[in-house]
Amino acid sequence: MRRDSVTLEVANMSWLADDGEPRRPSLVVDIEDDESVVRERLLGDDGSLDASDVDFTFRFRGSPDDADAGGVLSITNRVTGEFLLEVNAAAQSLIDFVTAARRYAERTGDSTRYTARVVQGEESLIEVEKRTLLVYASDGELLRGHSLIPSGVEI
């Protein structure tokens, strides 16, 4: 599967701009091709996925200070380290998303900061509630100020 056949949408963030009622932000990864290998890669042989088994990370391509910076959002298997899926993304969208997720947690006290869904056509393959999203510079350095890291977690 190619990265250009996958798109990313960030949702439930408009409340932040107009100081409305907080809504949990969400990442929606939309797979546009219909390869069956996607399902196998994401869900494994038994067709299930535990939310604790996947991690979401974002890696900048270029400088985080560039206004038009881009990057790659990756979904990985926490147990094996295997990349399950990657999608190109605008860095500013992810920075805004992290801000919304932080504010959501601050205003609601909800430790689940965001929801992530992977859809293929009309079918939702996975939907997980997450607290952590690690953001890295292009050289691999963890950018703590841009990441969602729950308090008490040592990385």
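The values are calculated or read from the model by the stated rules, or taken from the named source; none is laboratory data. Note that the structure is predicted; figures quoted are calculated from it, not measured. Quick reminder, even Gly has a Cβ in these numbers, built from the backbone with ideal geometry, and neighbours come from all protein chains shown.
Some notes on this structure:
- Filter pass, A89 being at pLDDT 90 or above and within 15 Å of P25 (Cβ to Cβ): yes
- For the criterion of being among the polar types (S, T, N, Q) and more than 25 Å from A17 (Cα to Cα), Q120 passes.
- Of residues in the stretch 100-120 being polar (S, T, N, Q) and surrounded by fewer than 15 Cβ atoms within 10 Å (Cβ to Cβ), the one nearest to S138 (Cα to Cα): S111
- Verdict on Y114 being of a type outside the set (G, A, S), farther than 23 Å from R23 by Cβ, modelled with pLDDT of 90 or more and touching a Ser or Thr at 6+ places or on another chain (Cβ under 7 Å): no
- Of the strands (runs of 3 or more DSSP E) entirely within the stretch 53-155, those holding at least 3 residues that are without any contact (Cβ under 8 Å) to a residue 60 or more places away in the chain occupy 70-77, 83-90, 123-130.
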